[in-house]
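A.B. asks: Pasting a structure here, questions to come.
The numbers here are math on the coordinates, done by the rules we state, and not lab data. Because the structure is predicted, anything quoted here is derived from the model rather than measured.
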Amino acid sequence: MTDRAAQTSLINAPLDTCWNVVLDFEKYPDWAKDVKEAVVVSRDSEGRASHVEYRASALGRSTHYTLEYDYSEQPARLSWHLVQGDIMRGLNGAYSFVEVDGGTQVFYELELELVVPLPGFVKRRAEARILIEAVKELKARAES
């Protein structure tokens, strides 16, 4: 079963700063504490990362997965889907950005399907942690 969750936050930084932070995949380990490694595997014809392989902490273990990115709505939205993963069947998500007075409103959405089913309370706790931490860490990085 696929679980969906979302989180929003106001970041006190311009949209282009937020956009540049999320596009700098190889720097994720510097600011996203669960991401241990991010390697750009391939780039599109415009030089943007199209496939990125990650090693991250998840559910008390190390996981590896590869995401494919979609830039068709840039700079308002960056979306992705899972190409390959060891503990996930599906991982779709997006960052959406709206420039507002005083900064950028960021909306982070995530759909996750694990290979092994987990009890509901464990999944909800993990989802909340992923969403809250991802937005909090993006905010801290963009505002620094």
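A.B. asks: When the Debye formula is applied to the Cα atoms of the range 3-143, each taken as the same point scatterer, what base-10 log of I(q)/I(0) results at q = 0.11, 0.16, 0.17 Å⁻¹?
C.D. replies: One equal scatterer on each Cα of the range 3-143 leads to -0.38, -0.84, -0.96.
A.B. asks: For the chain: lysine pairs with Cα atoms under 18 Å, gap of 8 or more or different chains, count?
C.D. replies: On the way: Lys27/Lys36; Lys27/Lys136; Lys27/Lys139; Lys33/Lys136; Lys33/Lys139; Lys36/Lys136.
Final tally of qualifying lysine pairs is 6.
A.B. asks: As a test of the formula, what do you get for the chain when each DSSP H run with n ≥ 4 contributes -39,500 (n - 2.57) and the sum is divided by the residue count, at 222 nm and rounded to the nearest 500 deg cm²/dmol?
C.D. replies: Working: 3 runs with 37 residues, N = 144.
Result for the chain: -8000 deg cm²/dmol, rounded to the nearest 500.
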